[in-house]
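No value in this document is a laboratory result; all are computed from the given coordinates. Since we're looking at a predicted model, the values are computed, not measured. All Cβ positions, glycine included, derive from the backbone under ideal geometry; neighbour counts span all protein chains shown.
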Amino acid sequence: MSFLIISSQRDPKGWVQALKEKQPDLDLEVYPDVADPSKVEFALSWKHPHGIFKDYPNLKVIASMGAGIDHIIEDPDIPKNIKITRVIDEQLTRDMSVFVLALIMDYIRNLSFHYCSKEWKPTKYLRPEEIQVGIMGMGILGVGVAEKLIRNKFHVTGWSRTKKEILGVTTFHGDNELNNFLSETNVLVCLLPLTSETENILNKQLFEKLPEGAYVINVARGPHLVEEDLLEMIQKGHLSGAALDVFRKEPLPEDHPFWTNDKIRVTPHIASVTNPKTVVPQILDNYRRMQDGKELEKVVDREKEY
């Protein structure tokens, strides 16, 4: 029985070190150097080559290196019997919460404007209590962001597919309540999981339901956003701007119009990055559970896609 790491876009060295520190006797292999594919029963993965998992006939579990699992389930060739797990980590939640707070403070205090203007030009600014932040996606990360914003005096609403009750947050759910949620939102934060239902959800029709001058933050996944619609709504003046940390193609191409739009802030997918040392214990716990035939933790519902 072996433990396989497949990571096409992340250097696996940190994961190898963290896994070996916690379990020195772990039979660990790193793709593509696999001695015997039939021995592999557990894979830790980030953006694997599609179709590759068919090469491991005894694979039982695929664990995502991060909170997102869309990069796994979008592969149609993964056998249905294989379980998929995701990461839930307090450090990831803290990092995301601080990052979103920083983006909003940059927006309402005009910090980027002052950094770039090279003029002594004081501007009016907004205070947290004057802003209503609407969060789309009230999972672990969404709730963490909401709590951080509330502690900093923001008014916070949340929207999710199913009904949620969260202390201090006015919540909306389902398609029937989406318009009411959007109509009062000054800053829209997308933290939805990427599914077939949520892909392209940040589009012109949705933006039109936001108040004029609203600001958009996407820290979820690039395919949530219809890029042309965002540019159009900013150009028309309906949206005041956007802060984007995720993109359909990463790295963002050098000739992409986002780079030259002074109303769009671009960051290179850094909102919340998995720290192998804090996450490896839960990965190894599930590995041992698999070995012992026990129920796994943090299993993805493949029908719901999260």
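Set the Förster distance to 22 Å, then compute FRET efficiency between Lys249 and Glu305 from the Cβ-Cβ distance, nearest 0.05.
Details: r = 21 Å, r/R0 = 0.97.
Rounded to the nearest 0.05, the efficiency is 0.55.
Only counting other Cβ atoms within 10 Å, I'd like Asp36, Asp25 sorted with the fewest neighbours first. Please list the in-between numbers first.
Numbers: Asp36 9, Asp25 6.
By the 10 Å Cβ count, ascending: Asp25, Asp36.
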Here, the range 9-96 modelled as identical Cα point scatterers in vacuum has Debye log10 I(q)/I(0) at q = 0.14, 0.18 Å⁻¹ of -0.53, -0.88
Of all lysine pairs in the range 90-266 that are eight or more residues apart or on different chains, those with Cα atoms under 23 Å apart total 17
Taking placed amide H atoms and a strict 5 Å upper bound, the residues 5 or more places from Thr85 or on another chain that come that close are Ile62, Ala63, Ser64, Val300
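Taking only the Cα atoms of the chain, how large is their convex hull per residue, in Å³?
Working: hull volume 45.7 nm³, N = 306.
So the per-residue Cα hull volume is 149 Å³.
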Once Glu130 and Phe113 are pulled to full extension, the length gained, defined as 0.36 nm per residue separation minus their Cα-Cα distance, is 4.1 nm
Taking the alpha-carbon centre of each part, the distance from the range 199-271 to the range 62-98 in Å is 24
Diffing the range 4-14: the Karplus 3J(HN,Hα) column from phi (6.51, -1.76, 1.60, θ = phi - 60°), in whole Hz with x for Gly and Pro, holds 10, 9, 10, 9, 7, 10, 10, 5, x, 4, x
Expected vector for the range 149-157, Karplus 3J(HN,Hα) from phi with 6.51, -1.76, 1.60 and θ = phi - 60°, integer Hz, x for Gly and Pro, equals 5, 4, 5, 9, 6, 7, 7, 10, 10
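Taking the beta-carbon count within 10 Å as an exposure proxy, list Trp15, Trp120, Trp259 from fewest neighbours to most. Before the final figure, lay out the partial values.
Working: Trp15 23, Trp120 6, Trp259 11.
Ranked by crowding around the Cβ, least crowded first: Trp120, Trp259, Trp15.
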If the chain between Lys20 and Asn200 were fully extended at 0.36 nm per residue, the gain over the current Cα-Cα distance would be 60.8 nm
Sorted by chain and number, the residues with a modelled amide H under 5 Å from that of Ile135, at a separation of 5 or more or across chains, are Thr157, Gly158, Trp159, Val189
Karplus-derived 3J(HN,Hα) from phi for the range 290-302 (6.51 cos²θ - 1.76 cosθ + 1.60, θ = phi - 60°), whole Hz, x at Gly and Pro, runs 4, 4, 8, x, 8, 5, 7, 9, 6, 7, 7, 7, 5
Label model pair Met105, His238: point-to-point distance (7 angstrom along the Cα→beta-carbon line) in nm is 3.2
Plugging the Cβ-Cβ distance of Gln91 and Asn152 into 1/(1 + (r/R0)^6) at R0 = 25 Å yields, to the nearest 0.05, a FRET efficiency of 0.80
Taking every C-alpha to C-alpha distance in the range 90-266 and binning by 10 Å from 0, the per-bin percentages run 9, 40, 38, 12, 1
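At a temperature of 20 °C and a viscosity of 1.002 mPa s, determine how fast the range 143-222 diffuses translationally according to Stokes-Einstein, using the Kirkwood radius over alpha-carbon pairs as Rh; express D in µm²/s, rounded to the nearest whole number.
162
For the pairs Lys20/Lys304; Lys47/Lys80; Lys47/Lys277, flag any whose C-alpha to C-alpha distance is greater than 30 Å.
Working: Lys20/Lys304 34 Å; Lys47/Lys80 19 Å; Lys47/Lys277 20 Å.
In this structure, Lys20/Lys304 lie more than 30 Å apart at Cα.
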Amide H neighbours of Ser2 at under 5 Å, excluding residues fewer than 5 places away on the same chain, with H built from the backbone geometry, are Val40, Glu41, Phe42
Contact order relative to length for the range 90-266, counting C-alpha pairs under 8 Å separated by 6 or more residues, stands in percent at 16
Note to self: Kirkwood Rh of the range 40-184, Cα pairs, one decimal, Å, is 18.3
So, relative contact order of the chain in percent, Cα under 8 Å, 6 or more apart, is 15
Fewest to most Cβ atoms within 10 Å: Ile217, Ile108 sort as Ile108, Ile217
